[in-house]
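To start, the structure itself, in C-alpha cells.
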Amino acid sequence: MNIREYQVEASRTCSDLGEKLNLAHMVLGICSEEEELYRAFVKNDLVNIQEEQADKFWYLANYCNFRNYNLQELYEDMSNFEQEDWETETSVEIVHLSKLQDYVKKYIAYDKPIDRQKEKNSLKAIIWSICETLYEQEIELETILERNIAKLKARFPDKFTQEAALNRNLELERKIL
C-alpha cells in the first residue's frame, strides 16, 4: 500500500469532531502513541513497535486530511525540513510535535492562524523521525501501513463507531499485526 492509498483509507475510520477539535485530536493522538511506543520499546515488543508507529502515521494522515495536505508529498520531501541541532530522531520528533501542538493550541485558544510553512516543516520532521526509527528497526513503512489498515478494517468494518472503539478485539488485532 502506498502512502496516498493509506491516507484515503485512514480517513474511513476517523470521526469528524469539528475543525479545531479534529486538529487537537490528531496531535493528542500522536502524543499518546509516542508513550505507547516507548512502552513497546521497553518490552522489546516488535509487533507493538510497528503498530504504534503505524498508529502515529494514521494520526498524521488524518491531520493532513483535515489541513488538505498530501501526505505523500510531505513524505517525499521529509528530509527537507529545517532541522535544528538535535542529536537524535527522537528529540527531533519531540521538538516538532511540541511545535505542532503549540500551533494548534494557539489556533484553538486564540484563533491565531497556523503558519502553513512552519506546520509542514514540523509534519515533515515527525515523518522523518518515524521513518528513521523504522529504518533502524529494519521495518518497511508500506508493510506497517497495510497491517494498520487491516487492523482498522477488522475493528471498524464499515466506519468508525464509538462502540467499536471501546470494545476492541485485541486478540484478533494482534493476529492481524
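Does Val8 meet the test of being more than 17 Å from Tyr103 (Cα to Cα), in a helix (DSSP H, G or I), open to solvent by 50 Å² or more (accessible area, probe 1.4 Å) and aliphatic (A, V, I, L, M)?
On the way: more than 17 Å from Tyr103 (Cα to Cα): yes; in a helix (DSSP H, G or I): yes; open to solvent by 50 Å² or more (accessible area, probe 1.4 Å): yes; aliphatic (A, V, I, L, M): yes.
Spelling it out, Val8 is indeed more than 17 Å from Tyr103 (Cα to Cα), in a helix (DSSP H, G or I), open to solvent by 50 Å² or more (accessible area, probe 1.4 Å) and aliphatic (A, V, I, L, M).
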| query | Of the residues that sit in the range 137-149 and are touching a residue at least 24 places away in the same chain (Cβ under 8 Å) and of a type in the set (Asp, Glu), which one is surrounded by the fewest Cβ atoms within 10 Å (Cβ to Cβ)? | reply | Glu142
| query | From the set of residues in the range 106-165 that are of a type in the set (A, V, I, L, M), at pLDDT 95 or above and farther than 18 Å from Tyr6 by Cβ, which is farthest from the chain's Cα centre (by Cα)? | reply | Ala109
| query | Among the candidates Leu21, Leu37, Leu17, Leu28, which residue alone is within 24 Å of Glu119 (Cα to Cα) and surrounded by 20 or more Cβ atoms within 10 Å (Cβ to Cβ)? | reply | Leu37
| What are the residue pairs meeting all of these: first residue in the range 150-167, first residue in contact (Cβ under 8 Å) with a residue 12 or more places away in the chain and closer than 14 Å to Trp58 by Cβ, second residue assigned to a helix (DSSP H, G or I) and not charged (D, E, K, R), Cβ atoms under 7 Å, and 6 or more apart or on different chains? | Ala150/Ile176; Lys151/Ile176; Arg155/Ala164; Phe156/Ala164
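With Leu21, Leu28 as the choices, which residue is under 20 Å from Ile94 (Cα atoms), part of a helix (DSSP H, G or I) and of a type outside the set (Gly, Ala, Ser)? Show your work before the answer.
On the way: Leu21 fails: under 20 Å from Ile94 (Cα atoms).
After applying the criteria, what remains is Leu28.
Based on what the data block shows, is Lys56 among the basic types (Lys, Arg), part of a helix (DSSP H, G or I) and surrounded by fewer than 21 Cβ atoms within 10 Å (Cβ to Cβ)? Spell out the reasoning first.
Numbers: among the basic types (Lys, Arg): yes; part of a helix (DSSP H, G or I): yes; surrounded by fewer than 21 Cβ atoms within 10 Å (Cβ to Cβ): no.
No.
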| The one condition in (1) modelled with pLDDT of 90 or more; (2) open to solvent by less than 60 Å² (accessible area, probe 1.4 Å) that Glu93 fails to fulfil | (1)
| request: Please enumerate the residues belonging to the range 59-81 that are hydroxyl-bearing (Ser, Thr, Tyr), assigned to a loop (DSSP other than H, G, I, E, B) and open to solvent by less than 50 Å² (accessible area, probe 1.4 Å). | output: Tyr69
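The values are calculated or read from the model by the stated rules, or taken from the named source; none is laboratory data. On a predicted model such as this, the values are computed, not experimentally measured, just so you know. So basically every Cβ, Gly included, is an ideal-geometry build from the backbone, and we count neighbours across all protein chains shown. We work out accessible area using only protein heavy atoms, side chains counted, and drop any ligands, DNA or RNA first. Shrake-Rupley method; radii C 1.70, N 1.55, O 1.52, S 1.80 Å.
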